[in-house]
Amino acid sequence: MTSPLIHAIIGCGRVAPNHVDAFAAQPGISVRWACDRDAAKARSLALAYDVPAVTTSVAEVLADAEVDSVSLAVDHAQHAELAAAALRAGKHVLVEKPLAMTVADGTELIELSERAGRVLSVVSQHRYDPLVRAVHDWLDSGLLGRLVSVHAVLQCGRTTTYYRDSYWRGTWSGEGGSALVNQGYHALDVVRSLCGGLSVVGAMTGTAHLREVMETEDTLAAVLSGSSGALVTYGVTVASVVPWRTRVTVVGTAGTVVFDLDHPGTLHFVEGGPELLREAEAERARTTREEPSGIDYYGISHRRQAADFCRAVRTGSPMTASGREGLETLRLLADLYRTGRRHAVVPQPATAG
Ligand SMILES: NC(=O)c1ccc[n+]([C@@H]2O[C@H](COP(=O)([O-])OP(=O)(O)OC[C@H]3O[C@@H](n4cnc5c(N)ncnc54)[C@H](O)[C@@H]3O)[C@@H](O)[C@H]2O)c1
């Protein structure tokens, strides 16, 4: 029998319920700590999910020798420092996206985790969605033919209060960008995985509608190229009236797939050969809605990534969302910001006349 693993959640804000739920769902795991520098938030998460110990101190969690692993669900600016501290304390780390704010910090974390022999994984829950796995399989098995192009658009709506009430969102120092690195992360990360790598051809950022409350971008548009030559367009905005929708179109020489990445992933359209159509029918029939804990478009796949993480901790097996994958997505984000900020657009309000 394998010994139980003990996990801790650091940061008890919006996404924390997905972590405590994900680890609580794993056999042989117990979540011992809810840690937030705001004691009320730590207490409220602990109460809602029966977490026995509460603290405002990360050091207290890291000093608990029985803690095997931690989830880091804090603002982007603290990911690198807290992940390094946890790895140095001998903990395995599941850090929310992005891995770090800079590629240099991300690279140091990977090296540290490898030296320490500890698992470091960056949350990319949608890579584990059954529909995304199916599209991967259709590409790998040749049912879609050679990849020609991918078009991904996330539109969502964020209010002025969302930024005003946050100590870190909408700032370069706390969030490191906004629409792309925060809401748009998963669509980019999934497209990068479908294409086997992406490089930036061009990008523009805009702050059209939320500029009184954010110094970062509310919108980004980009053209990229896939490593096998696919042409890729990518767009994200947080200034839409649509609460949340990610639409991805994958065009191959033998088939086309249109799907929503959100929860539940929806397969809208498939065209291609009889085997692809049969597989798509099976996928539609198989997909059942699972009820997520917390905000519903975050989906249910934090559970799947937690399962992969626990397996890696126990057996050393490689993870789908490895730290190195997180580093490659961070590199791409940095390239997109470098290019996009050179072409930043701040539209002026329309003048009468
Ligand atoms: N995977 C997803 O779908 C998803 C969804 C939402 C957020 N996220 C990511 O999760 C992370 C957190 O986002 P959020 O929306 O939950 O933020 P949030 O602001 O709601 O919560 C962050 C919490 O961390 C606490 N905190 C900050 N510094 C701390 C410290 N040193 N010690 C203890 N507690 C500390 C804050 O008090 C706050 O309660 C970000 O990286 C974000 O990008 C991921």
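The values are calculated or read from the model by the stated rules, or taken from the named source; none is laboratory data. Everything numeric here is computed off the predicted structure, so don't read it as measured data. Don't worry about glycine lacking a Cβ; one is built from the backbone with ideal geometry, like all the others, and counts go over all protein chains shown. Side chains included, ligands, DNA and RNA excluded: accessible areas come from the protein's heavy atoms. Shrake-Rupley method; radii C 1.70, N 1.55, O 1.52, S 1.80 Å.
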Query raised in the report: Quick check: is even one residue across the range 115-136 surrounded by fewer than 21 Cβ atoms within 10 Å (Cβ to Cβ) and among the acidic types (Asp, Glu)?
Result: no
**Report entry** Single residue of the range 1-20 satisfying the filter (more than 17 Å from residue 122 (Cα to Cα) and over 16 Å from the mean Cα position of the chain (by Cα)) that is farthest from the ligand (Cβ to nearest atom)
**Finding:** 1
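Return yes when residue 73 is more than 22 Å from the chain's Cα centre (by Cα), at pLDDT 95 or above and not aromatic (Phe, Trp, Tyr) and no when it is not.
No: the conditions fail for residue 73.
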Report summary line: Output for Cβ contacts, cut-off 6 Å, separation at least six or different chains, first residue basic (Lys, Arg) in the range 155-169, second away from the ligand (no atom under 11 Å from the Cβ), reads 158/238; 164/213; 169/163
Report summary line: By residue number, the members of the range 144-159 that are over 30 Å from residue 21 (Cβ atoms) and surrounded by fewer than 22 Cβ atoms within 10 Å (Cβ to Cβ) are 145, 146, 147, 148, 149, 151
Report summary line: If we ask which residues in the range 231-254 are buried (at least 22 other Cβ atoms within 10 Å of the Cβ) and more than 15 Å from residue 179 (Cβ to Cβ), their number turns out to be 3
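Conditions tested, residue by residue: (1) out of contact with any helix residue (DSSP H, G or I) (no Cβ under 6 Å at 6 or more places or on another chain); (2) closer than 26 Å to residue 244 by Cα; (3) of a type in the set (A, V, I, L, M); (4) not assigned by TED's automatic domain parsing to the domain that holds residue 200.
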position	(1), (2), (3), (4)
271	yes, yes, no, no
274	yes, no, no, no
279	yes, no, no, no
285	yes, yes, yes, no
293	no, yes, no, no
310	yes, no, no, yes
317	no, no, no, yes
337	yes, yes, no, no
Requested in this report: Go through the range 248-276 and give me each residue that's touching a residue at least 60 places away in the same chain (Cβ under 8 Å), outside any strand (DSSP E or B) and over 25 Å from the mean Cα position of the chain (by Cα).
Outcome: 253, 254, 273, 275, 276
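Among the strands (runs of 3 or more DSSP E) confined wholly to the range 1-64, which include 2 or more residues that are hydrophobic (A, V, I, L, M, F, W, C) and in contact (Cβ under 8 Å) with a residue 24 or more places away in the chain?
5-10, 29-35
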Report task. Kindly list the number of the only condition in (1) open to solvent by 50 Å² or more (accessible area, probe 1.4 Å); (2) more than 11 Å from the ligand (Cβ to nearest atom) that fails for residue 53. Result -> (1)
Query raised in the report: If we only count helices (runs of 4 or more DSSP H) wholly inside the range 80-172, which ones have 3 or more residues that are away from the ligand (no atom under 14 Å from the Cβ) and more than 30 Å from residue 272 (Cβ to Cβ)?
Result: 103-116
Query raised in the report: Looking at the range 34-50, which of the residues that are farther than 28 Å from residue 102 by Cβ, within 14 Å of the ligand (Cβ to nearest atom) and not aliphatic (A, V, I, L, M) is least open to solvent (accessible area, probe 1.4 Å)?
Result: 44
Query raised in the report: Could we say that residue 217 is touching a His at 6+ places or on another chain (Cβ under 6 Å), in contact (Cβ under 8 Å) with a residue 12 or more places away in the chain and either of a type in the set (Asp, Glu) or within 15 Å of the ligand (Cβ to nearest atom) (or both) here?
Result: no
Report task. Spot the failing condition for residue 191; the list is (1) in a strand (DSSP E or B); (2) buried (at least 22 other Cβ atoms within 10 Å of the Cβ), and only one is missed. Result -> (1)
Query raised in the report: Does the range 75-95 include one or more residues that are surrounded by fewer than 16 Cβ atoms within 10 Å (Cβ to Cβ) and at positive phi?
Result: yes
Query raised in the report: Restricting attention to the range 216-224, does a residue exist that is open to solvent by less than 50 Å² (accessible area, probe 1.4 Å) and in a helix (DSSP H, G or I)?
Result: no
Query raised in the report: In the range 257-315, what residues are at pLDDT 95 or above, closer than 30 Å to residue 68 by Cβ and among the aromatic types (Phe, Trp, Tyr)?
Result: 309
